[in-house]
Amino acid sequence: MQLNIKNTFALFLLCGFTSSVTSNEVQSPYSATITRDIFGVPHVHGATDADAAFGLAYAQADDDIKNIFSTIDLASASSGLKSGRAGATADYLIKALGIRDLVEARYEEDLSPEVQAVLEGFVAGLNYWLSLNLNNETKGYYPVNKVDLVASFAIQNIFFAQIDSAIKDLMRMPKEISTAELDKGGESLKVASLVAGSNAFALNSNKTTDGKTRLIINSHQPLDGPVAWYEAHISSDEGWNMMGGLFPGAPFVFVGFNENLGWGMTVNKPDLTDAFKLQINPDNDNQYLLDGKWEDFETKNIKLPTKLLGPIRWTFNREAKYTKHGLVLETDSGSYALKLAGMNDIRQADQWFRMNKAQNKEEWLDAMKMRAIISFNAVYADKEDNIMLLHNTAGPIRNEAYDWTLPVDGTKSELIWDQITPFNEIPLLVNPNSGWIVSANQDPFRVSAITDNLKRSDYSKTLGIETKMTNRAYRVIEIFDNNKKFNEQDLLDAKFDNQYSIESRSVKYLKNILETEYRDEELKDAQKILSAWDLKTDYNNRSAALGVCILSEEWRAFMNGIDAPDSKKMFKDCIDKIKDSFGQVDPLWSEVNFLMRGDLALSIQGGPDTLRAVYGRPQDDGTLKAVAGDGLVVSLAWDSVGNQESQSIHQYGSATQDSTSKHYDDQVKLFVDEQMKPTFFDKTELKKNTESVITVPFSK
């Protein structure tokens, strides 16, 4: 079988294992109470952290078992048995990088006893649910294995180390996304990579009308699939009390809050991966040159069980080669070895757990100093009126005299790095005088007032810290960079802002269209529509359909790292598309842009790379179906004595899979109306707004 490394972008997260099964309910030493509020959101409590994890797993399985299944195959490197040769490519990468071998070898040594207990409790919860729901679809996934759970975090690390981008660059391939994947809502990180945007805003008492500390959490993901946000609240008598967003199959909250603090995360792109250009021995293609000597490649045979047709299965063999740098990729331009930051670290679960249990700024920063989570911008706020932005990177210490933006000379061992840049040498902005910090996937040195921003010159150029500015970044800085103080509604209005900035790359893309003198009457009329655009994507806007159609392709090119298509050609193409579908070039945006859930289709404001981020998939009738962008939004505040307020909203509801449940779509109307709901994080409020309570395992 010819495995094309160009198809290795389909990396998911989460956990899994397959084995034989019995039909009996398993006995469990754990116990947890699952209280569902009036929106169906699970609030899970256990005496111990492990008990709580057990209950969280059970609740997730009840709501979202299909998405957990879809990632089990990847974490256990058995995707080829489900999806054929395309899945086998992902299996090859996981096996070639030795992820599961590393977890098995270092699980006991590298993970703390506390985290091992939580992981094992979570796995037990999944297996308990499976034992009660055995059928032809579920029995092949029982029992889940703790190694799979930890492997899922390592896979996540690889993706955010941008191995897909490194391979893409070597192969000179854009990240093409199939219609089938988009129709499924983006059930792969390939889709997530094209909508890799998020927002997070933090304001302290210097910037609020009421002296409160405020935080908006708004990480963008596909709206469906195993990397869509799932909302939950987990607590224990051992001090775990965290609520927010996680992915189905994850035992920890990734973005959210406890009583004392909260954080949001946005994707960043520091330089975490290097491609070392190898010199191959012309007389022996099993050797490469290093420090003037020919070295033998290490090799490993990779077995890849693969579905071919119907019930037909076949195990293919593929040789993997390694140098002292890393895994070898053979391309049209030569052989390269990839070295990834964090490649030998499996402690991500420990860091997430420590972040979840942190009670103040110092404890949270101590968790971040672990560096097991190798990327993300983190925007933080707490009840002590602290706000921070950490441009998190586990970037290596590199030779400052070398140009690391190019493929690295693989013949020199002195260039093979093995140490991480110290924590105090990565960007961390704490409590700016302006009282505000924003992150929208932009240059981390442009996140607050000019006088407060960190200086790029103070940090190593070899970290590869990005310089890009998204439209969202321009807009949010325009909103906050002034003397105005903000109340809760002002902050929510900023979050739901649906405008393009005149300073943005996107709007400048339209310049050639607006400056061209057209003779064709249809083009002249369309140009007038575009010229009249106020750059907003609100319901009654009659220019947004044309503007967004043009800008969507520019955004796609930007995310692919390729040149944008000719804007004047896009202008003509979009006129034809819109007129064919709507009979006019200026339909209302409310007639074009929709959030769809089952049989429900509601108009929604926003567009690509606006703060109200909506990434739409064209339908046969010309309308757009939102498939990614805004999903879970959380709004937090603490007053001067530490009293907390919290609200949230989800794009659909808590019942991810069950279309017969009222919670399948009960938040859709609130979501499109840009309204929030209570989180019921407070026990008293939860008691007043409880829909159901169960204790697992069930008594016999």
Quickly rank 659-672, 491-504 as a protection proxy: mean count of other C-beta atoms within 10 Å, highest first. 491-504, 659-672
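In Å², and per residue, what accessible area does the chain have when probed at 1.4 Å with the other protein chains present? Provide the component values of the computation, followed by the final result.
On the way: 27180 Å² over 700 residues.
Accessible area per residue: 39 Å².
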Sorting LEU308, SER646, GLY87 by the position of each Cα along the dipole of the chain (Lys, Arg +1; Asp, Glu -1; all at Cβ), the one nearest the positive end of that ordering is LEU308
Sequence neighbours fewer than 8 away in the same chain don't count; with that in mind, list the lysines whose C-alpha is under 20 Å from LYS688. LYS662, LYS677
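Can you classify the chain as rounded, prolate or oblate using the Cα gyration tensor, where a ≥ b ≥ c are the square roots of its eigenvalues, rounded means a/c under 1.5, and otherwise it's prolate if a/b beats b/c and oblate if not? Don't skip to the answer; put the middle values down first.
Numbers: a/c = 1.30, a/b = 1.07, b/c = 1.22.
Since a/c stays below 1.5, the shape of the chain is classed as rounded.
Out of the total accessible area of the chain (probe 1.4 Å, heavy atoms of protein only), what percent is carbon and sulfur? Intermediate values should be presented prior to the final figure.
Values: 12630 of 27180 Å².
After summing per-atom areas, the C and S share lands at 46 percent.
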Sorted by accessible area with a 1.4 angstrom probe, largest first, how do ASP101, ASP385 fall? ASP101, ASP385
Mind running the shape call on segment 219-288? Use the C-alpha gyration tensor, a ≥ b ≥ c as the square roots of the eigenvalues: rounded below 1.5 for a/c, prolate if a/b tops b/c, oblate otherwise. prolate
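For segment 435-488, which trypsin sites (Lys or Arg not before Pro) are both in a DSSP coil and crowded by at most 10 other Cβ atoms within 10 Å? Kindly include the intermediate steps, with their values, before the conclusion.
Values: sites: ARG446, LYS455, ARG456, LYS461, LYS468, ARG472, ARG475, LYS484, LYS485; in loops: ARG446, LYS455, LYS468, LYS484, LYS485.
Listed in order of number, the matching sites are LYS455, LYS484.
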Take the Cβ-Cβ distance between THR315 and GLU521 as r, set R0 to 45 Å, and report the resulting FRET efficiency rounded to the nearest 0.05. 0.10
Which GluC sites (Glu not before Pro) does segment 442-488 hold that lie in a coil by DSSP with at most 13 other beta carbons within 10 Å? none
Please work out how much accessible surface VAL430 shows to a 1.4 Å probe, ignoring ligands, DNA and RNA, in Å² rounded to 10. 60
Which residues in segment 356-371 place their backbone N less than 15 Å from a point set 7 Å from the Cα of GLU114 along the Cα-to-Cβ direction? 356-370
By a straight-distance test (C-alpha under 20 Å), which lysines pair with LYS321 as possible cross-link partners, with residues fewer than eight away in the same chain excluded? LYS6, LYS95, LYS168, LYS277, LYS293, LYS300, LYS303, LYS339, LYS412
So how exposed is GLU295, as accessible area in Å² (1.4 Å probe, rounded to 10)? 50
I want to check the label-to-label distance for ASP366 and ASN431. Put each point 7 Å from Cα in the C-beta direction and report it in nm to one decimal. 1.9
Using alpha-carbon positions, the gyration tensor of segment 415-570 gives root eigenvalues a ≥ b ≥ c; with a/c under 1.5 called rounded, otherwise prolate if a/b exceeds b/c, else oblate, the class is oblate
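The values are calculated or read from the model by the stated rules, or taken from the named source; none is laboratory data. These numbers were taken from a predicted model, which means no experiment stands behind them. Heads up, the Cβs are rebuilt from the backbone with ideal geometry, glycines too, and the neighbour counts pull from every protein chain shown. SASA here: full protein model, heavy atoms, side chains in, ligands and nucleic acids out. Shrake-Rupley method; radii C 1.70, N 1.55, O 1.52, S 1.80 Å.
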